[in-house]
């Protein structure tokens, strides 16, 4: 009788252990250095379950290139690295949308921004999502300790098009020049723009952007043939 009870206790303990293991987030990070990253993922436009359409098994799978004269949903993704979960992120966005080419077209038009996080707090000047705009996004109701534990988490998406070769990049939030995430314990982790922020390129030559989950991005690489037309901004010079 005692041996049967003992076996039952052992079996129950094993089941509890298995359940806890299966519900806990994986500790293995898909970022190359284990640190959180903020990146862009370019996808064709969809009208159903837009936020869910950005799901990736690994942040290393993000697409960082698109074509000109096409419409896209470009997602703001946050990879948690080895953090057990994330509660929020603050960032800025930069792109060539503040001037027109000789032909009269702006290189990039962002028509709208869709929020996938629970809450978004936008900086008023310049208005989000204009070039140089900033936002803080929170998963879960503000202050309730809610957080997300997926390897890659969707903050929101830009509905946009590029009419000439141009880039779109993540930058520190301009109002305080800080790019950071907050984990589930409300600990803030400041990120490095050169190592932890990504960008996407739009061109007719297949030029790719950079995914910081795979490598440090170190600023925006610009095609020499398009430099004078794009008047591209690089890290250190807005």
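The values are calculated or read from the model by the stated rules, or taken from the named source; none is laboratory data. It should be emphasised that the depicted structure is a prediction, and the values quoted were computed from it without experimental measurement. Methodologically, a virtual Cβ is constructed for each residue, glycine included, from the backbone with ideal geometry; neighbour enumeration extends over all protein chains shown.
Do you know which residues across region 52-70 are at pLDDT 95 or above, in a loop (DSSP other than H, G, I, E, B) and more than 19 Å from residue 107 (Cα to Cα)? Selection gives 62, 63.
Among the residues that make up region 71-93, is at least one of them modelled with pLDDT of 95 or more, in contact with a strand residue (DSSP E or B) (Cβ under 9 Å, 6 or more places away or on another chain) and surrounded by fewer than 20 Cβ atoms within 10 Å (Cβ to Cβ)? The answer is yes, given that some residue of region 71-93 is modelled with pLDDT of 95 or more, in contact with a strand residue (DSSP E or B) (Cβ under 9 Å, 6 or more places away or on another chain) and surrounded by fewer than 20 Cβ atoms within 10 Å (Cβ to Cβ). Return the residues of region 26-54 that are surrounded by 14 or more Cβ atoms within 10 Å (Cβ to Cβ) and farther than 21 Å from residue 217 by Cα; say none if nothing qualifies. Within region 26-54, 45, 50, 51, 53, 54 meet the criteria. Filtered by the rule that a residue be without any contact (Cβ under 8 Å) to a residue 40 or more places away in the chain, within 17 Å of residue 74 (Cβ to Cβ) and in contact with a strand residue (DSSP E or B) (Cβ under 7 Å, 6 or more places away or on another chain), region 120-134 gives 120, 128, 129, 131. With respect to residue 209, determine if the residue is modelled with pLDDT of 95 or more, under 23 Å from residue 60 (Cβ atoms) and out of contact with any helix residue (DSSP H, G or I) (no Cβ under 6 Å at 6 or more places or on another chain). Yes, satisfied. Only one of the numbered conditions (1) crowded, with 24+ Cβ neighbours inside 10 Å; (2) more than 14 Å from residue 40 (Cα to Cα); (3) modelled with pLDDT of 95 or more is violated by residue 107, and that is (3). In the set (1) surrounded by fewer than 16 Cβ atoms within 10 Å (Cβ to Cβ); (2) in contact with a strand residue (DSSP E or B) (Cβ under 8 Å, 6 or more places away or on another chain), residue 195 fails one condition alone, (2).
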